[in-house]
């Protein structure tokens, strides 16, 4: 039985349609990340699942039961907000236990559950304080604790880490992953951060303009993006996209004389078809016999790697090379890559040539 | 400001003292007048400092002898407390649900703007219709009638203040409470209202002061001790052929005391910044 089933959800504000038919089915224990830039409808979808907003049409099942028109408190969900949304006037203990208190759980049982959650999140010493006395990371833990004690069917996270600084964000990310591995809960997690999506998710739904662009495992999203949008959205530095044309069974990169062998593909590639080649920067390496030739423009050392921006004809190309590579500006680079890592997209539709 | 020249610091203090003097001088003069013998106040040139402190006027005003000036004053004091108190409580009771509703439902915000717009009308424009209305209800010269009129002044103002107070409480906190299983009234009682306490206290204080100081409607709608408020009673003291300035000053001092007391009591609730820490920032 699926824990969460989203069926053809649509949402319009007047003439503006923000969700254009979303279908997702989530097994129990899955960690689904809704990934997209702001305004793609991911938060709206989460609010509809939570019951904070009503869908214009479509249905949602949680634990096999339709929750259409069901009050948020009866949906068997818990939500962690971007702004934490702690109750400032209540102690941390009461903040965490509030959901149980409202559900009339006896005090002894409630107390035990709060302490258990606090222990898991390592915030036991803070229980008697008020939210204003905590740091951002601690507040976030309290917000997660508040969701944990309820033991709901589905956890909803609305960009929970975006208010934290970079170092803390990484720690909390690991923490969330640890919690998920330990508790095996079903999670829907909204973020615009592709690293969070890649690291946390068992499945990622990349959203754009109210549609799901691709739904798949992090590996599928990263290595087999279904569309050009997904290819550019996931990965930093982003995937290199080079305009190319099919020519006598091989690929000619536009504006250059470089030809690459056609990768194995089941799709029918027509002669002179306008294509886009996608190559991840980290799959490129310096190779004397490499077919990709480009002129180095900028080389940036980040520490673990050297990011080289180069020009192939009039098209830009980025490569992540080992940090100790000696490259001078203006140098002609010969780059090689593994034939299997090359992605092919149709330029007109933006879709992958499978 | 760590690096400040001593001269500038000195200047700041001088300004602060000057401001305090400007604000406090009239009050001090009011008190001095109230304890000066009548001869000192009528002397030419004016005697700024009384030769003997004379507290007899306080006794006169606070006496409850039948038909005395004291009886008129104490009854007006009671009327003022009743009218301002009732109007304030009713205004806050109305403003909480109304302000919350407008704050959480922006689409009905226009209705509040409309009410605020009528608030801009000068009192004199409404005096005649209000008089006729009160007469029709048989509530002229009646503390309840006057409180009802004051409510029409206070409610828009308090609703507007409460609305901005509720605006500063993030919606997410209420959404979180809702998901946690709290009903609307539980959410308001446990979460929202405690957070809105400072702005509630502020609105109550300002509403009370507004009602306490109101003169125009009180003058029009009351005629004797049953409903006359302090502002009218003080005006009556000045209305006779012979005005005792000391007595007027004494009434002023006494009239100022209740709001000051309320302000002191409310001070603790007025401490804002209670919402810090619930959400980011």
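The values are calculated or read from the model by the stated rules, or taken from the named source; none is laboratory data. Computed from a predicted model, the values in this text were never measured in an experiment. Positions of Cβ are generated from backbone atoms using ideal geometry, with glycine treated the same way; all protein chains shown enter the neighbour counts.
For the range B:116-132, the criterion of being farther than 29 Å from residue B:82 by Cβ, more than 14 Å from chain A (Cβ to nearest Cβ), in a helix (DSSP H, G or I) and more than 19 Å from the chain's Cα centre (by Cα) is satisfied by at least one residue. The lone criterion from (1) buried (at least 20 other Cβ atoms within 10 Å of the Cβ); (2) touching a helix residue (DSSP H, G or I) at 6+ places or on another chain (Cβ under 6 Å); (3) at pLDDT below 90 left unmet by residue B:259 is number (1). The residue that is farthest from the other protein chains (Cβ to nearest Cβ), counting only those in the range A:131-140 that are part of a helix (DSSP H, G or I) and over 13 Å from residue A:163 (Cα atoms), is A:133. Set side by side, the residues A:109, A:128 differ, and just one is surrounded by fewer than 19 Cβ atoms within 10 Å (Cβ to Cβ), more than 13 Å from chain B (Cβ to nearest Cβ) and closer than 23 Å to residue B:192 by Cα, which is A:128. Selection of the range A:62-73 for residues being surrounded by 18 or more Cβ atoms within 10 Å (Cβ to Cβ) and outside any loop (DSSP other than H, G, I, E, B) yields A:62, A:72, A:73. Taking the range A:18-53 as the search range and keeping residues that are in contact with a helix residue (DSSP H, G or I) (Cβ under 7 Å, 6 or more places away or on another chain) and more than 14 Å from residue A:155 (Cβ to Cβ), which one is surrounded by the most Cβ atoms within 10 Å (Cβ to Cβ)? Restricting to residues being in contact with a helix residue (DSSP H, G or I) (Cβ under 7 Å, 6 or more places away or on another chain) and more than 14 Å from residue A:155 (Cβ to Cβ), the top hit is A:35. Do the conditions hold for residue B:30, that is, is it closer than 30 Å to residue B:146 by Cβ and surrounded by 10 or more Cβ atoms within 10 Å (Cβ to Cβ)? Here the answer is yes, as residue B:30 does meet what is asked. Residues that are within 14 Å of residue A:196 (Cα to Cα) and either in a loop (DSSP other than H, G, I, E, B) or facing another protein chain (nearest Cβ under 10 Å) (or both) do occur in the range A:150-158.
For every residue, the table says whether it meets (1) touching a helix residue (DSSP H, G or I) at 6+ places or on another chain (Cβ under 9 Å); (2) closer than 27 Å to residue B:209 by Cβ; (3) assigned to a helix (DSSP H, G or I).
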site: B:13; (1), (2), (3): no, no, yes
site: B:18; (1), (2), (3): no, yes, yes
site: B:41; (1), (2), (3): yes, no, yes
site: B:50; (1), (2), (3): yes, no, no
site: B:57; (1), (2), (3): yes, yes, yes
site: B:65; (1), (2), (3): yes, no, no
site: B:76; (1), (2), (3): yes, yes, yes
site: B:87; (1), (2), (3): yes, yes, yes
site: B:93; (1), (2), (3): no, yes, yes
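Residues considered: B:209, B:195. Of these, the only one that is away from chain A (no Cβ under 11 Å) and either in a helix (DSSP H, G or I) or over 23 Å from the mean Cα position of the chain (by Cα) (or both) is B:209.
Here residue A:104 passes the criteria (1) more than 15 Å from residue B:175 (Cα to Cα); (2) within 13 Å of another protein chain (Cβ to nearest Cβ); (3) in contact (Cβ under 8 Å) with a residue 24 or more places away in the chain except the one numbered (3). The set of residues from the range B:162-192 being surrounded by fewer than 19 Cβ atoms within 10 Å (Cβ to Cβ) and away from chain A (no Cβ under 14 Å) comprises B:164, B:167. Given the structure, is residue A:208 at pLDDT 95 or above and either on the phi > 0 side of the Ramachandran plot or assigned by TED's automatic domain parsing to the domain that holds residue A:44 (or both)? Taking the combined requirement at face value, the residue does not satisfy it.
Please determine whether any residue of the range A:74-84 is more than 25 Å from residue A:182 (Cα to Cα), in contact (Cβ under 8 Å) with a residue 12 or more places away in the chain, within 11 Å of chain B (Cβ to nearest Cβ) and buried (at least 19 other Cβ atoms within 10 Å of the Cβ). Among the residues of the range A:74-84, at least one is more than 25 Å from residue A:182 (Cα to Cα), in contact (Cβ under 8 Å) with a residue 12 or more places away in the chain, within 11 Å of chain B (Cβ to nearest Cβ) and buried (at least 19 other Cβ atoms within 10 Å of the Cβ), which makes the answer yes.
Return yes or no: is residue B:269 assigned to a helix (DSSP H, G or I), within 14 Å of another protein chain (Cβ to nearest Cβ), at pLDDT below 90 and farther than 30 Å from residue B:124 by Cα? Yes. In the set (1) assigned by TED's automatic domain parsing to the domain that holds residue A:193; (2) crowded, with 17+ Cβ neighbours inside 10 Å; (3) without any contact (Cβ under 8 Å) to a residue 12 or more places away in the chain, the condition left unmet by residue A:219 is number (2).
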